[in-house]
4 protein chains.
Amino acid sequence: MIIIIDCEDQKGLIHKITGVLAGLNLNITENREFVEKQRNRFLMRTVVEGDIDAAVLRAALEAVLPADHSLLVSNGELKKMVIMVTKEEHCLTELISKYYFGNLKVNLVAVIGNHQHLKAYTEKFNIPYHFISHEDKSRETHEAELLDCLKQYNPDYIVLAKFMRILSEEFTSQYPSRMINIHHSFLPAFKGANPYRQAYERGVKIIGATAHFVNQDLDEGPIIHQEVIPVDHSLSPMEMAAAGKDVEKLVLAKALQLVLEQKVYVSANKTVIF
Amino acid sequence: MIIIIDCEDQKGLIHKITGVLAGLNLNITENREFVEKQRNRFLMRTVVEGDIDAAVLRAALEAVLPADHSLLVSNGELKKMVIMVTKEEHCLTELISKYYFGNLKVNLVAVIGNHQHLKAYTEKFNIPYHFISHEDKSRETHEAELLDCLKQYNPDYIVLAKFMRILSEEFTSQYPSRMINIHHSFLPAFKGANPYRQAYERGVKIIGATAHFVNQDLDEGPIIHQEVIPVDHSLSPMEMAAAGKDVEKLVLAKALQLVLEQKVYVSANKTVIF
Amino acid sequence: MIIIIDCEDQKGLIHKITGVLAGLNLNITENREFVEKQRNRFLMRTVVEGDIDAAVLRAALEAVLPADHSLLVSNGELKKMVIMVTKEEHCLTELISKYYFGNLKVNLVAVIGNHQHLKAYTEKFNIPYHFISHEDKSRETHEAELLDCLKQYNPDYIVLAKFMRILSEEFTSQYPSRMINIHHSFLPAFKGANPYRQAYERGVKIIGATAHFVNQDLDEGPIIHQEVIPVDHSLSPMEMAAAGKDVEKLVLAKALQLVLEQKVYVSANKTVIF
Amino acid sequence: MIIIIDCEDQKGLIHKITGVLAGLNLNITENREFVEKQRNRFLMRTVVEGDIDAAVLRAALEAVLPADHSLLVSNGELKKMVIMVTKEEHCLTELISKYYFGNLKVNLVAVIGNHQHLKAYTEKFNIPYHFISHEDKSRETHEAELLDCLKQYNPDYIVLAKFMRILSEEFTSQYPSRMINIHHSFLPAFKGANPYRQAYERGVKIIGATAHFVNQDLDEGPIIHQEVIPVDHSLSPMEMAAAGKDVEKLVLAKALQLVLEQKVYVSANKTVIF
């Protein structure tokens, strides 16, 4: 069972919490704490073994925690996830390949695309694919259709796996810290329409990718994971984009794994990774 | 104050230990635990703030720990270190540069070399340099002279910063888990006289370095830190060795930093790094 | 058109070769040379644009090259490839995902497995899967069956994508520098049955993978590509193996890309990568 | 002898150039070409062996090159370099350590600092240190004093090794593609006064450094080299800055090595690295 605590920091907290666990005869097999000093928050992730009902454990812990806390007691049930895509396949194939062979511990309930490119691939794996085009629609109408579709699945997490439409704050605010996006960001970080072209013009020697939660601003939420690869002058913008795809898919899959293992805390606009 | 505990694992240990700290009115600012399941050892590194005498804290903790424990309560006094070298300068200059500007929290009491190459450099920084040649001496005689010199400094740590003589088990067993060596090891790891020549012949695409404690066998103790860099066919063996030097010096300095911050545990033949 | 030359080094060679190209009114758009001094070999990879028949160009080049040369003039026709697997899926899904979406410029004609685990996945993509079990057969019989199957496809390249049977020299010598293997090799490189268990016991801080050509000795051919990732004490042997899978698949795919773009030379027991 | 050519691209250029070399009985031991298609420039770096006067070789090559060319024939004489610093020591100690032991092939003629912090260290190595304070001076006055000091050394290269004053375009335009700066840039790249504080607030997982030529805009010239290291939430802004120092010094030293080996071309606002 995994216990996730996020509360105001106080002296003696670990002693109180571990006292509850010892009293219930639970054995701690993994334990990480972190004190976020800027906000005076105490974060703890504990894995325990033992014969216990989640509700009982939860109640016992709530009795000792400060009033201002969030507490999650997870017994490992699978979370529901929807993936949203456009035309690019590399992130989707990475996630579906891992999922199909049991290496992504999640319930992948649907894929939504604003193009049809990835429908045939997705349906090979008996995963529903919803084609919801944005053409000839206002953003409001398109987002309303997307939300309607999402809501029928009631997902815990939504993964933007190269979904290339900008989503409004009305949309993203429905799933705070539950939407995960992959961004092709560089060193230096280029914004705007064609970052690989800009990276090429500037002659950067490294490109990278960033997986992050989506909050109000699409590209600015808390960073979960980042990786980079070296490039050089001999690559065209198209070759840079191709090289970037492998990084993007691994960074997204790695970030998702961390989220699904309940190892990612959001604290203000950043994450703490246990 | 830093508390380092290594003991048999038991249910309720964290609760007991944090109870002692809460009772003494100490505030935990950093805390890491790890259970080494193979050997059933509980490892803990805790940083506390508060007004307390180290001896009092030590006694209070010993009262709650299992009989079979090792306990360190450190108030941050500097450790004494001796560096041993041969001819190559890169690891020595890295350590002395950091030390001279206050970025290596240690008391560097002496350098011992079996050649004179690095004497002038070392003495610029007013650090004693002992030239103890191995020429025309048996290994026993040479090691006895080295030990005599070392013992006058009573060092906490000895750093083999490209010391190119093989040391006997009689020598190395005097300082268990207190001698740190830097090894130019590759992927695949080449042994023997000229690893860079072997790496070249085999056409490896990556070379690296390993910092480790020296136990009985010179090149086989617990690994503290490793890093690698990419290489290609265009490098000669000499250029590979040159490229390797930057990795070697950073890996050694990083490993030493971890050791000096009391973040490295030795558990059987491996390390746990907090 | 791509021109690949491997011949004895001589003064004036580049001048002669570029003279042929200029005489045929071809424009050089990419050019790399390397002189392998140990063997006194001149290696050259040139991409030219222009209106020319491959046979004419070939004949013109042969007229100026030293007697002892190998010459390839490629107009980009797709090579035929067979993949061999056992139970692990990660390398196969990486290659098929890239192939299916047109990002692996090859003709993937078949997959051969000594288990059935990957049959259903492979057949989703309309790629023939041949199940050739090794059970209750001598190695000779099993290899004869594998060879029979391979020969009907007449492949240019054979990829061992986690094919976990040791192949005899009689088998591997049929396809010199045309079989590519992925090896889970570490720093230090562990050999034998369970390298991840050994890496765990030794407490390594980095693991990696190596893609190489298979020559007589299965794990010892010329290295094409290598990458590594950091690990730490908190990973179990199983988690290390899982982390290693992402490296393995990327290293194999990258190596294959280099081979298919005709950028890999074999020179004695190593490669030159252009 | 090293030959560096940068000229308009034309058909048959390599043939003409290698014809000159063959006619002078020179042996090519290294050769790299690159065609920068955006600007239609042909770049070539060739190392030749043989008995030849640089002026003769130069004249022979000029006879076959297009009118619009730049040509450098270098026989390996050492370049003159001045380093400019403020208070931070890590880049200076890296460069001086390498220089002192003969691993930086340059003539380090002086260090200029706007503070006195690094004077004692520099003078240990018998390198002149000029303290030119900016206090109580206008930028114009300060820059005029710096230029006066620089000009007495007539340097080929000026290295800004954590020189923390912004230099005017009047100053930097005196040494186009000859001033090299190290910039602590991140992913995403933070600008402004305290990038490590910004990186901390944003919770980045990677930090890095960029070495580049200084053109008009101090932080925007052609990038020579970049590297990164992983970081996490547990580092304070000060610890991030400390971790960044090792990257900064290596990136600067590596970039300088490439420049001194004549392997760096500037083409528009980017570099081609051979």
At the level of C-alpha centres, the distance separating the stretch A:126-144 and the stretch D:111-140, in angstrom, is 64 Å
Taking the label point as lying 7 angstrom from Cα along the Cα-to-Cβ axis, what are the distances from D:Lys151 to the corresponding position in the remaining copies, in ascending order and in nanometres? 6.6, 7.5, 8.3
Can you give the charge dipole size of the stretch C:2-74 about its Cα centre, rounded to the nearest 20 debye, using +1 on the beta carbon of Lys and Arg and -1 on the beta carbon of Asp and Glu? 240 debye
Could you size up the charge dipole of the protein assembly as shown around its Cα centre, putting +1 on the beta carbon of Lys and Arg and -1 on that of Asp and Glu, and report it in debye to the nearest 20? 0 debye
Taking 1 over the mean of 1/r across every pair of different Cα atoms in chain A, what Kirkwood radius in Å do you get? 20.5 Å
In whole percent, the Cα-Cα distances of the stretch D:2-74 spread across 5 Å bins from 0 upward as 3, 16, 32, 27, 14, 5, 1, 0
Among C:Ser236, C:Pro155, C:Pro176, whose Cα sits farthest toward the positive end of the charge dipole of chain C (+1 at Cβ of Lys/Arg, -1 at Cβ of Asp/Glu, about the Cα centre)? C:Ser236
Which sequence of C:Met44, D:Met164 reflects their accessible areas, 1.4 Å probe, from the largest down? D:Met164, C:Met44
Could you compute how much accessible surface A:His233 exposes when probed at 1.4 Å, giving the result in Å² to the nearest 10? 20 Å²
Point me to the residue of chain C whose C-beta lies closest to the C-onto-A rotation axis, rounding the distance to whole angstrom. C:Lys124, 2
In whole Hz, the Karplus estimates of ³J(HN,Hα) for the stretch B:29-39 (6.51, -1.76, 1.60; θ = phi - 60°; x where Gly or Pro) are 9, 9, 7, 9, 10, 8, 9, 7, 5, 4, 10
Could you report the accessible area of A:Thr86 in Å², rounded to 10, computed with a 1.4 Å probe on the protein chains as they sit in the structure? 10 Å²
Copies of D:Ala60 compared via label points 7 Å along Cα→Cβ give distances in nm, shortest first, of 2.6, 8.5, 8.9
Longest to shortest principal axis, alpha-carbon extents of the stretch D:212-274, angstrom: 41, 25, 14
If you take all C-alpha pairs in the protein assembly as shown, what percent of them are over 41 Å apart? 50 percent
Could you provide, to the nearest whole Å², the per residue accessible area of the protein assembly as shown with probe 1.4 Å? 40 Å²
What three numbers, in Å, describe the spread of the alpha carbons of the stretch A:33-89 along their principal axes, ordered from the longest? 50, 37, 19
Report, ordered by chain and residue number, the aspartates and glutamates lying within cross-link reach of A:Lys162, taken as a straight Cα distance under 14 Å and ignoring same-chain residues fewer than 8 apart. A:Glu88, A:Glu89, A:Glu94, A:Asp219, A:Asp246, A:Glu248
Just for chain A, what percent of DSSP beta bridges are antiparallel, to the closest 5? 70 percent
Between the stretch B:1-69 and the stretch C:260-274, what's the alpha-carbon centroid distance in Å? 56 Å
Using a Debye calculation, one point per C-alpha and no hydration shell, please list log10 I(q)/I(0) for the stretch D:50-208 at q = 0.12, 0.16, 0.19 Å⁻¹ in order. -0.70, -1.02, -1.20
When only the heavy atoms of the protein chains count and the probe is 1.4 Å, how do B:Asp148, B:Asp68 rank by accessible area, highest first? B:Asp148, B:Asp68
Sum -39500 (n - 2.57) across every DSSP H segment of at least 4 residues in the protein assembly as shown, then divide by the residue count to get the 222 nm mean residue ellipticity, nearest 500. -9500 deg cm²/dmol
Of all DSSP beta bridges with both partners in the protein assembly as shown, the antiparallel percent, nearest 5, is 70 percent
Check: the stretch B:80-273 dipole with +1 on Lys, Arg Cβ and -1 on Asp, Glu Cβ, in debye: 440 debye
From the label point of C:Ser236, set 7 Å from Cα along Cα→Cβ, how far away are the matching label points in the other copies, in nm, ordered shortest to longest? 3.8, 4.8, 5.1
Of D:Val109, D:Val204, which has the most accessible area with a 1.4 Å probe, and how do the rest follow in descending order? D:Val109, D:Val204
Roughly to the nearest percent, how much of the accessible area of the protein assembly as shown is carbon and sulfur, given a 1.4 Å probe? 48 percent
Under a 1.4 Å probe, counting only protein heavy atoms, A:Lys137 has an accessible area in Å², nearest 10, of 70 Å²
Can you give the relative contact order of chain A as a percent, counting alpha carbon pairs under 8 Å and 6+ residues apart? 15 percent
Relative contact order, percent, of the stretch A:2-74 when contacts are C-alpha pairs under 8 Å separated by at least 6 residues? 47 percent
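The values are calculated or read from the model by the stated rules, or taken from the named source; none is laboratory data. This one's a predicted model, so the numbers in the text were calculated from it and none came from an experiment. So basically every Cβ, Gly included, is an ideal-geometry build from the backbone, and we count neighbours across all protein chains shown. For accessibility, only protein heavy atoms count, side chains too; no ligands or nucleic acids. Shrake-Rupley method; radii C 1.70, N 1.55, O 1.52, S 1.80 Å.
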